[in-house]
Amino acid sequence: MNTFSDSAVLAAGLIGQFDAQLIAVVGLSLAVSLTATLAAALLGLPLGAALAVGRFPGRQALIVMLNALMGLPPVVVGLVVYLILSRAGPLGSLGILFTPAAMIVAQTILITPIIAALSRQVVADAWTEYREQLTSLGAGTGHASLTLLWDTRFSLATVLLAGFGRAIAEVGAVMIVGGNIDGVTRVMTTTIALETSKGDLAMALALGLVLIAIVLAINAAAHATREWARAHYG
Amino acid sequence: MAERMVATGLPIVCAGVSVARGGTTLLSGVDLTVAAGTRTLVLGANGAGKSTLLRLLHGLVAPTVGRIAWGGRPLRPSRQAMVFQRAVLLRRSAAANIRYALELVGIRGDEADLRIDDALTEAGLRALAARPARVLSGGEQQRLALARAWALRPEVLFLDEPTASLDPKAARAVEDIVRGIHAQGTTIVMTTHNLAQSKRLADNVIFLHEGRVAEQSSAEAFFNAPRTVEAAIFLEGERL
C-alpha cells in the first residue's frame with residue numbers, strides 16, 4: 001500500500017468534487033490573507049514612500065528596523081498578538097481572540113514590514129531617477145511621493161504579491177491567535193498541520209496541492225504583470 | 001502679454017557664487033547675468049561645471065558661497081522649466097505627462113486641454129498623444145520633454161545637453177522646437193557639446209573652464225575672437 005499515491009488520488013477527488021469542507025477552508029484562507037494584505041498595503045506603502053523620499057530624524061534607524069522585521073518569525077508575532085488580545089491583555093476587551101479578525105491582525109503585523117521595506121526600495125530607486133525633474137516641475141515631497149507610488153505601481157503590485165504569499169503560507173501566527181477552530185478559524189496551513197497529525201493525509205495533501213497552486217499562480221501573475229508593464233509602459 | 005506684467009524672474013544675476021559638493025568645488029567665483037529674451041549657450045569641456053551652472057540658475061542647486069537672484073528676488077521663480085539630458089517621463093500617456101506638469105502649477109480644464117494640444121502639435125507629437133510616454137523613441141521622448149516644458153509657458157527654459165544622445169535628425173528637430181519656443185519670447189539657457197549647434201542657436205556664450213566663467217560674451221565675438229587662451233584651445237580642439 002502506497003500512502004502517497006492513495007492520498008494523492010483521494011486528494012484529487014476532494015478537489016475535483018469541490019468538497020465543501022475544502023472550499024470553506026480555502027475560502028477563509030483567502031479572505032484572511034487578502035484582507036491582511038490590503039491592510040498591510042494601506043500601512044506599508046505610505047510608510048515605504050515616506051522613508052524613500054522624506055528626510056527626518058530617525059529615518060535610518062527605522063529603515064534598519066524594518067529590514068530586520070522582514071524576518072519576523074510568525075510564531076513570535078502570533079504569541080505577541082495573543083498576549084495583546086487575550087482576556088487579560090490590553091486589547092482583551094475587543095473579544096476578537098480566536099476569530100478571523102485576530103488572524104488578520106497577526107498577518108498584517110507579519111507582512112507590513114515586508115511591504116514597507118520592499119516598497120521603500122522600489123520608490124527610492126525611482127526617486128533617484130525622478131528627483132530633479134519633479135523638483136523642477138515644482139512637486140513638493142508629499143506630491144512627489146504619491147507620483148512615485150503611482151509610477152512604480154507595477155513593481156509595487158509584485159511587492160504586494162510577495163506579502164500575500166508570505167501571509168497565506170504562514171502557519172504559526174494564525175494557529176496561535178485563531179486556535180484552528182473547525183468551521184471558524186481553520187485555514188489551509190493549520191488544517192494541513194492538524195490533518196497530518198491525525199493521519200488524514202488525503203485532506204492534508206489536497207490542501208497542500210491547492211496551496212502550492214495558489215503560490216504558483218501568484219508568482220506567475222507577478223511575472224506576467226512585470227512583463228506586460230514593461231511592454232506597455234516601459 | 002499680460003502675464004509678463006506679473007513679477008518677473010529675470011534677469012538672473014549671480015554674484016560671487018561658488019558651489020561645492022562633498023568637498024569638491026564644482027563652481028567658483030561665478031559672476032554673470034542672464035538677460036531676458038536671450039539665447040545663452042553654456043560651453044566648456046567635460047567637468048567644467050556646465051550642468052551645475054544650469055542647475056544653479058534653475059534653483060535646483062543652492063550656492064555654497066555668494067548670492068543668486070531672479071528678477072531681484074532670492075526665491076526660485078515658478079515660471080521656469082528645464083529639459084534634462086535624458087528625458088524623465090512618467091509611466092502614463094504623452095498627453096498625461098503634460099497634464100501632470102500643468103496641474104502642478106494649477107492649470108486644469110479647458111486651458112490645460114488647449115495647452116496640451118498646442119504643445120504636442122508644436123513638438124510634432126499630436127498623433128502620439130495617447131501613447132505611453134516611456135515606450136516612445138529617444139527623440140520622441142526628448143521632444144515630449146520639450147513640449148511639457150513649453151506647455152508651462154516658462155519665462156526661462158533651461159536645456160542640459162538636450163540632443164546629446166540623439167541622432168542628427170532628431171537633434172535638428174529638437175533645435176527647431178527650441179528656436180520656435182524662443183521666437184515666442186522665452187529666454188533660453190542651454191548647454192551643448194556640439195559646437196555647430198551652439199553656433200546655430202547662440203546669441204550669447206558663457207564659456208566655463210574648471211568651474212570658473214572664463215568668458216561671457218556675444219556669440220559672434222566668442223566664435224570669431226575668443227579672449228582667453230582656454231577658449232581658443234577649446235574652439236581649436238573642436239575644429240580638429
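A few notes on this one:
- Screening B:Val83, B:Val42 for residues that are surrounded by 17 or more Cβ atoms within 10 Å (Cβ to Cβ) and facing chain A (nearest Cβ under 10 Å) leaves exactly one candidate, B:Val83.
- Only one of A:Thr135, A:Thr158 that is free of Cβ contacts under 8 Å to residues at least 40 places away in the same chain, β-branched (Val, Ile, Thr) and either crowded, with 16+ Cβ neighbours inside 10 Å or not in a helix (DSSP H, G or I) (or both): A:Thr135
- Filter result for B:Leu54 (in contact with a Phe, Trp or Tyr (Cβ under 6 Å, 6 or more places away or on another chain), within 12 Å of chain A (Cβ to nearest Cβ), at pLDDT 95 or above and buried (at least 18 other Cβ atoms within 10 Å of the Cβ)): yes
- Residue check for A:Leu149: surrounded by fewer than 24 Cβ atoms within 10 Å (Cβ to Cβ), more than 9 Å from chain B (Cβ to nearest Cβ), touching a residue at least 24 places away in the same chain (Cβ under 8 Å) and among the aliphatic types (A, V, I, L, M): yes
- Residues in segment B:221-235 that are in a loop (DSSP other than H, G, I, E, B) and among the aliphatic types (A, V, I, L, M): B:Ala225 alone.
- Restricting attention to segment B:63-80 and to residues that are in contact with a helix residue (DSSP H, G or I) (Cβ under 8 Å, 6 or more places away or on another chain) and more than 12 Å from chain A (Cβ to nearest Cβ), the residue that is surrounded by the most Cβ atoms within 10 Å (Cβ to Cβ) turns out to be B:Ile68.
- Any hit, segment A:214-229, residues being of a type in the set (D, E, K, R), closer than 24 Å to B:Ile98 by Cα and within 14 Å of another protein chain (Cβ to nearest Cβ): no
- Entirely in segment B:1-76, the strands (runs of 3 or more DSSP E) that have 1 or more residues that are over 14 Å from B:Thr191 (Cα atoms) and under 20 Å from the mean Cα position of the chain (by Cα): B:12-21, B:24-34, B:65-70
The values are calculated or read from the model by the stated rules, or taken from the named source; none is laboratory data. In this text, all values refer to a predicted model and were calculated from it rather than measured experimentally. Positions of Cβ are backbone-derived with ideal geometry, glycine not excepted, and every protein chain shown enters the neighbour counts.
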